[in-house]
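A.B. asks: Take this structure, written in structure tokens, and hold onto it; I'll ask about it next.
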Amino acid sequence: MKTAQENALEIAQLLEDSKAENVSVIDVSELNSWTDFFVIATIHSSAHWQGLAKQIKDYVKDNDMEIHLTHNKAPSGDDWNLIDIGSVVVHLMSADAREFYDLEKLWHGGKKLR
């Protein structure tokens, strides 16, 4: 069985191989109790994030993991989509959303692995 870090790094590579940009992995395990790693990637369009989400779902299934349902408080959009896999949370964000929310700066106390 793989560690959460190995899963996060493999998901990051999968995203990069699928044309996501600026893929980063941050170890946030010391900063909160609800997840260990953030994988953050910039996406180009709705079709792009949907394709990436399918690949992540396939990865999760192949690795005996589970996606936890999330509840959006705002109407769904293409700017920021979150996939919660428990110990790994994947953020698929448009370039504008990524710049605006700047998760890397917000979680600067975490160790950047990639």
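A.B. asks: At a 10 Å Cβ-Cβ cut-off, how would you order 23, 89, fewest neighbours first?
C.D. replies: Lowest to highest Cβ neighbour count: 23, 89.
A.B. asks: Among 2/61; 2/112; 2/105; 2/57; 19/54, which pairs are too far apart, with a Cα-Cα distance over 24 Å?
C.D. replies: Violating the 24 Å limit, Cα to Cα: 2/105.
A.B. asks: Label-point separation (nm) for residue 63 and residue 108, each offset 7 Å from Cα along Cα-to-Cβ?
C.D. replies: Taking the simple label geometry, residue 63 and residue 108 are separated by 2.9 nm.
A.B. asks: Divide by every residue of the chain the summed helix terms, -39500 (n - 2.57) for each DSSP H run of at least 4, and state the resulting mean residue ellipticity at 222 nm, rounded to the nearest 500 deg cm²/dmol.
C.D. replies: It lands at -11000 deg cm²/dmol.
Quick note: the coordinates plus some simple rules give every number you see, no bench work behind them. A quick note: this is a predicted structure, and the numbers were derived from the prediction, not measured. Ideal geometry is used to build each Cβ from the backbone, glycine not excepted, and the neighbour counts take in all protein chains shown.
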